[in-house]
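The values are calculated or read from the model by the stated rules, or taken from the named source; none is laboratory data. Just so it is clear, the model here is predicted, and its values are computed rather than measured. Cβ placement follows ideal geometry from the backbone for every residue including glycine, while neighbour counts extend to all protein chains displayed.
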Amino acid sequence: MEKHNFVTIADLSKEQLLYLLEMAREFEKHPNRELLKGKVVATLFFEPSTRTQLSFQTAANRLGARVIGFSDAKTSSTTKGETLKDTILMVSNYADIIAMRHYIEGAALYASEVAPVPIVNAGDGAHMHPSQCLLDLYSIQKTQGTLENLNIYLVGDLKYGRTVHSLIMAMRHFNPTFHFIAPKELAMPQEYKLYCKEHNINFKEHTKFDANVIADADILYMTRVQKERFSDLMEYERVKNVYRLTRDMLCNAKENMKIMHPLPRVNEIAYDVDEDPHAYYIQQAKNGLFAREAIFSYCLGYTLDDIRNDKTIIE
Ligand code: CP
């Protein structure tokens, strides 16, 4: 059984991504199994989380594994000065796989270099969020019927939003056209624009956000302004309400356009949008369960055939 880390989406080929999405599809058909019975999964969250933490834990539980971990590093020996390396080595003594979120960019990569068990990156600073990315791809493919040739509008905090950075990298295989809508303070960082150029990804930049700008969107991907990443809170105050999607702005939207958001939201989507058929963010978060079941299985060495031939399904 070949085990894998899941630290960045950038390393995965088109075939690997499609394979993982196929796995997620199998898990959506049958989410409850005992495929991971006898395994212990650790979830280490050095930063707050609702969806990612709980859906990783749910994925482990629904596959028959047991879960250990912490949701607040203040309750761990990190507060006594224990290093990340020692924490990871200790938890590797107890668990078969570790899903971790950390505020430092590159923390998961570092953990994967020292850990004897697979590491799953559940978000590292403003850098990457590969499990969110897999569920985003799954949601896009499920709603649009394809990942190819789509117009994807990324709106809001494109500077600190790790989910949009991961999405650009993953979509490089599928000939997207990206539209980056952000105020100049939160514009897509140069390194990701350079990445687009190097990978022949079309993109346009906008500062205006209205019904006409988004009329051509297949996916409208809203993001929260990431207060926790600002060193200057005055700057956060200046930009925090810069874009707000309201229901009237959907008047020109394509019929099958879907609004996505990694969540949590603050002010960037008005609550009445939830009732609109374009809204997809709640279902998107649900897809996280199937994507994370796929990630645990893949990292622990299970194949698509193992999942298709699995006799441990609980109906
Ligand atoms: N999408 C996401 O990462 O949400 P949480 O911060 O609640 O895990």
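Remarks
- Residue list for the range 42-86, restricted to those being hydroxyl-bearing (S, T, Y) and within 21 Å of L263 (Cα to Cα): T43, S49, T50, T52, S55, T58, S71
- Meets criteria (surrounded by 16 or more Cβ atoms within 10 Å (Cβ to Cβ), touching a residue at least 40 places away in the same chain (Cβ under 8 Å) and either over 14 Å from A294 (Cα atoms) or touching a His at 6+ places or on another chain (Cβ under 7 Å) (or both)) for L20: no
- Only listed residue being at pLDDT 95 or above, surrounded by fewer than 17 Cβ atoms within 10 Å (Cβ to Cβ) and within 16 Å of the ligand (Cβ to nearest atom), chosen from P31, P48: P48
- Residue count, the range 111-136 (criterion: surrounded by fewer than 24 Cβ atoms within 10 Å (Cβ to Cβ), of a type in the set (A, V, I, L, M) and under 26 Å from K204 (Cβ atoms)): 1
- The range 192-207 residues that are at negative phi, paired with ones that are in a loop (DSSP other than H, G, I, E, B) (beta carbon under 6 Å, 6 or more apart): H206/V213
- Scope the range 128-150; condition more than 17 Å from L289 (Cβ to Cβ) and either in contact with a His (Cβ under 7 Å, 6 or more places away or on another chain) or within 12 Å of the ligand (Cβ to nearest atom) (or both); matching residues: M128
- Selection from the range 110-127 of residues that are at pLDDT 95 or above and more than 12 Å from the ligand (Cβ to nearest atom): Y110, A111, S112, E113, V114, A115, P116, V117, P118, I119, V120
- Given (1) over 27 Å from P48 (Cα atoms); (2) within 20 Å of the chain's Cα centre (by Cα); (3) among the basic types (K, R), number of the condition K254 does not satisfy: (2)
- Boolean, S231 is in contact (Cβ under 8 Å) with a residue 12 or more places away in the chain, farther than 19 Å from T146 by Cα and either in a helix (DSSP H, G or I) or over 23 Å from the mean Cα position of the chain (by Cα) (or both): no
Here is a yes/no grid of residues against (1) in contact with a strand residue (DSSP E or B) (Cβ under 6 Å, 6 or more places away or on another chain); (2) part of a loop (DSSP other than H, G, I, E, B); (3) surrounded by fewer than 19 Cβ atoms within 10 Å (Cβ to Cβ); (4) free of Cβ contacts under 8 Å to residues at least 12 places away in the same chain:
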residue: E237; (1), (2), (3), (4): no, no, yes, yes
residue: N252; (1), (2), (3), (4): no, yes, yes, no
residue: V266; (1), (2), (3), (4): no, yes, yes, no
residue: V273; (1), (2), (3), (4): yes, no, no, no
residue: A285; (1), (2), (3), (4): no, no, no, no
residue: R292; (1), (2), (3), (4): no, no, no, no
residue: I295; (1), (2), (3), (4): yes, no, no, no
residue: Y298; (1), (2), (3), (4): no, no, no, no
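- M257, sole failed condition from (1) within 16 Å of the ligand (Cβ to nearest atom); (2) assigned by TED's automatic domain parsing to the domain that holds Y153; (3) crowded, with 17+ Cβ neighbours inside 10 Å: (1)
- Residues (part of a helix (DSSP H, G or I) and either within 16 Å of the ligand (Cβ to nearest atom) or surrounded by fewer than 17 Cβ atoms within 10 Å (Cβ to Cβ) (or both)) located in the range 79-108: T79, K80, K85, D86, L89, M90, N93, Y94, A107, A108
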